[in-house]
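Take a look at the structure set out below.
The values are calculated or read from the model by the stated rules, or taken from the named source; none is laboratory data. Note that the coordinates shown come from a computational prediction; the quantities given were computed from them, not determined experimentally. Cβ coordinates were reconstructed from backbone atoms using ideal geometry, including for glycine residues, and neighbour counts include every protein chain displayed. Surface accessibility is based on the protein's heavy atoms, side chains included, excluding ligands, DNA and RNA. Shrake-Rupley method; radii C 1.70, N 1.55, O 1.52, S 1.80 Å.
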Amino acid sequence: MIRLESSDGRLFAVDQDSAYMSSLLKNIDQDLGTDINPILLSNVTGTILARVLEYCMHHRDDVRLDKDVEDLLQDDNQVEAWDRQFMNVDDSTMLQILYAADYLGVEPLVDLGCMFIARIIRDMSVDEIRLRYGVVDDFTDAQRQQIQLEVDFSK
């Protein structure tokens, strides 16, 4: 068992196969060992770490297949029902799971999170995306014109 400690002090014990879905945890365990002290994950809260570990435990025995992202975006049947339910969370939780998965190096969860966010924003305007995710538009008019020229040029 590999022991983990979240940023808010919650302790977790996870089996090696599940933990090794995380490249960070695998590298730490293989390089330093984790026999005595838990691995401190100062960037991940207990609530989010529990969710990431739930994903890892569910998928620990999966064989990773490279699927076409376009197919996954278009066809809900390509995504396991369990994964759809797992990602059925509010925007804030989804982003926290994605940040944690990226920090921990859980690539399949990063891919899943990105796919779900892409599904959400694919039919939104730039202004709708900014409003939903609190993105500040800090471009000057000159920068906006330059970007528009580059976009027009690439077509």
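Six or more apart or on different chains, Cβ atoms under 6 Å: show the pairs whose first residue is in segment 45-64 and at pLDDT 95 or above and whose second is among the basic types (Lys, Arg).
46/10
Within segment 126-155, which residues are closer than 27 Å to residue 95 by Cα and of a type in the set (Phe, Trp, Tyr)?
133, 139
Table: residues versus (1) in a helix (DSSP H, G or I); (2) surrounded by fewer than 17 Cβ atoms within 10 Å (Cβ to Cβ).
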site: 5; (1), (2): no, no
site: 18; (1), (2): yes, no
site: 27; (1), (2): yes, yes
site: 31; (1), (2): yes, yes
site: 43; (1), (2): no, yes
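Might you let me know whether segment 122-141 holds any residue that is at pLDDT 85 or above and within 26 Å of residue 41 (Cβ to Cβ)?
yes
Please specify each residue of segment 122-155 satisfying the condition of being touching a Lys or Arg at 6+ places or on another chain (Cβ under 8 Å) and surrounded by 11 or more Cβ atoms within 10 Å (Cβ to Cβ).
124
Only one of (1) open to solvent by 90 Å² or more (accessible area, probe 1.4 Å); (2) within 30 Å of residue 42 (Cα to Cα) is not met by residue 115, so which one is it?
Of the numbered conditions (1) open to solvent by 90 Å² or more (accessible area, probe 1.4 Å); (2) within 30 Å of residue 42 (Cα to Cα), the odd one out for residue 115 is (1).
Return yes or no: is residue 42 at pLDDT 95 or above, out of contact with any His (no Cβ under 6 Å at 6 or more places or on another chain) and small (Gly, Ala, Ser)?
no
Residues being under 25 Å from residue 51 (Cβ atoms) and among the acidic types (Asp, Glu): count how many of those fall in segment 88-146.
5
Among the residues of segment 86-105, what is the count of those that are farther than 19 Å from residue 25 by Cβ, open to solvent by less than 30 Å² (accessible area, probe 1.4 Å) and under 9 Å from the mean Cα position of the chain (by Cα)?
Adding up the residues that qualify gives 1.
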